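The values are calculated or read from the model by the stated rules, or taken from the named source; none is laboratory data. The structure displayed is predicted, hence computed values, not measured ones. Glycine also receives a Cβ, built like all others from the backbone with ideal geometry; neighbour counts cover every protein chain displayed.
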Amino acid sequence: MTARLFEPIALRGLTLANRIVVSPMCQYAAEDGSATDWHLMHLGQFAISGAGLVIVEATHVEPRGRITHGCLGLYSDENEAALGRVVAFCRRHGAARLGIQLSHSGRRGSARLPWVGRGESLTAAEGAWTTVGVSGLPYAEQWPAPQVLDAAGLAEVLAAHVDAVRRAARLGFDLVEVHIAHGYLLHEFLSPLSNHRTDAYGGSRENRMRFPLELFARMRAAWPDDRPMGVRYSVTDWLDGGWTPEDASAFAAALKSLGCDYMTASSGGLSPAQRVPIGEGHQVPFARLLRASGMPSMAVGMIFDPHHAERVIADGDADFVALARGMLSDPHWAWRAAAALDGEVSHPVQYLRAYRSRWLRQMRAGTGAPGTGL
């Protein structure tokens with residue numbers, strides 16, 4: 001019997017060969033928002049990895065919406081051309097379908113590269129820029145207060161997201177994921193801890209959901225009808241008085257009514273004061289919660305073991321598993337999962353000697369891998 005992890009699944013006009021997803025992972029290697037050779041190498045290895053879907057890292061819809069100077073963007077013709085080169089490379093050599101996550105960092109932008117100063121904002125000497133936010137509240141004590149988005153600013157943000165969607169469509173991406181998590185701009189609207197607005201976009205939960213829902217509806221309308229669009233969002237802030245799983249369920253129902261095709265269940269990111277009980281699969285219960293809305297869900301976060309990934313799918317916790325750290329440490333994780341679960345995934349013909357090797361047969365038999373030989 002084929003493991004559930006290797007069963008195909010369809011979203012609108014897109015069919016994925018299996019339930020394994022390479023999660024979007026910021027690389028901080030772009031130049032003025034444009035993809036570089038690093039992205040060619042980084043995404044190329046995952047395109048041939050055997051995963052059914054590869055989602056390109058958080059790609060920002062305007063320059064001020066980047067997290068760092070090195071973040072990827074899709075707001076200019078130059079960005080579009082550079083990313084198009086990467087997409088064409090992945091299509092030419094790989095079998096994975098390609099998605100892109102579109103994002104706006106909001107008040108968490110203008111930050112240092114994580115290996116320079118993780119969680120620290122840029123100084124003027126380092127090229128800091130003015131960020132925008134929902135209510136003018138800084139991300140942390142040491143961070144500058146963002147400029148509050150007025151009606152004109154909201155219109156600019158919405159237009160930037162729609163423009164990025166159109167660029168993604170021209171590039172031929174199979175799927176778009178809207179980033180409404182981790183304390184970035186659209187998540188700021190949802191949480192009562194960051195949204196203190198007194199207009200139609202603040203106050204009640206319905207009002208706090210209003211702008212992200214309006215934006216999603218406009219993005220969905222600009223995206224081809226036969227291609228899926230999903231959302232990644234934080235199910236909880238892990239903070240007293242913040243966004244809760246109950247709120248997340250209501251948001252899921254609203255997204256479904258607007259044509260959302262799947263949801264990725266993440267959490268946290270709104271404040272450094274959060275206390276997240278990180279552990280293997282710690283966000284899987286959130287994926288099961290969102291799946292109750294009737295939409296497919298994606299589980300992400302500390303999923304490493306193929307048998308665990310299989311249980312997530314087989315037990316009905318989620319419809320997909322997305323890996324980030326696991327893929328960075330083992331770009332052929334899908335091969336290892338196929339060996340462990342007696343499944344099959346795509347592989348380049350150039351790698352046939354490894355995929356059909358004695359090593360793999362022994363892995364399948366559970367006797368371990370030999371030290372040498374094919």
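A quick yes/no check of all residues on (1) at pLDDT 95 or above; (2) of a type in the set (Phe, Trp, Tyr); (3) surrounded by fewer than 20 Cβ atoms within 10 Å (Cβ to Cβ):
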{"residue": "Leu16", "(1), (2), (3)": "yes, no, no"}
{"residue": "Ile20", "(1), (2), (3)": "yes, no, no"}
{"residue": "Trp38", "(1), (2), (3)": "yes, yes, yes"}
{"residue": "Met41", "(1), (2), (3)": "yes, no, yes"}
{"residue": "Ser49", "(1), (2), (3)": "yes, no, no"}
{"residue": "Gly52", "(1), (2), (3)": "yes, no, no"}
{"residue": "Ser76", "(1), (2), (3)": "yes, no, yes"}
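Kindly list, by first and then second residue, each pair from a residue in region 114-127 that is without any contact (Cβ under 8 Å) to a residue 12 or more places away in the chain to a residue that is basic (Lys, Arg), limited to pairs with Cβ atoms under 8 Å and residues at least 6 apart or on different chains.
Arg118/Arg112
Any residue that is modelled with pLDDT of 95 or more and closer than 24 Å to Arg167 by Cβ - is there at least one of those in region 136-144?
no
Please go through region 212-232 and pick out each residue that is within 18 Å of Tyr201 (Cα to Cα) and either of a type in the set (Phe, Trp, Tyr) or not assigned by TED's automatic domain parsing to the domain that holds Ser194 (or both).
Phe216
Taking region 145-176, which residues are surrounded by fewer than 16 Cβ atoms within 10 Å (Cβ to Cβ) and not in a helix (DSSP H, G or I)?
Ala145, Gln147, Val148, Asp150, Gly172
Step by step: first the residues of region 42-60, then only those that are assigned to a helix (DSSP H, G or I) and among the hydrophobic types (A, V, I, L, M, F, W, C), then the one that is nearest to Ala96 (Cα to Cα). Which residue is that?
Ala47
If you go through region 95-111 one residue at a time, how many are touching a strand residue (DSSP E or B) at 6+ places or on another chain (Cβ under 7 Å) and of a type in the set (Lys, Arg)? Before the answer, list the steps.
Step one: filter region 95-111 for residues touching a strand residue (DSSP E or B) at 6+ places or on another chain (Cβ under 7 Å), giving 96-107, 110-111.
Still in the list and also of a type in the set (Lys, Arg): 97, 107.
So the answer is 2.
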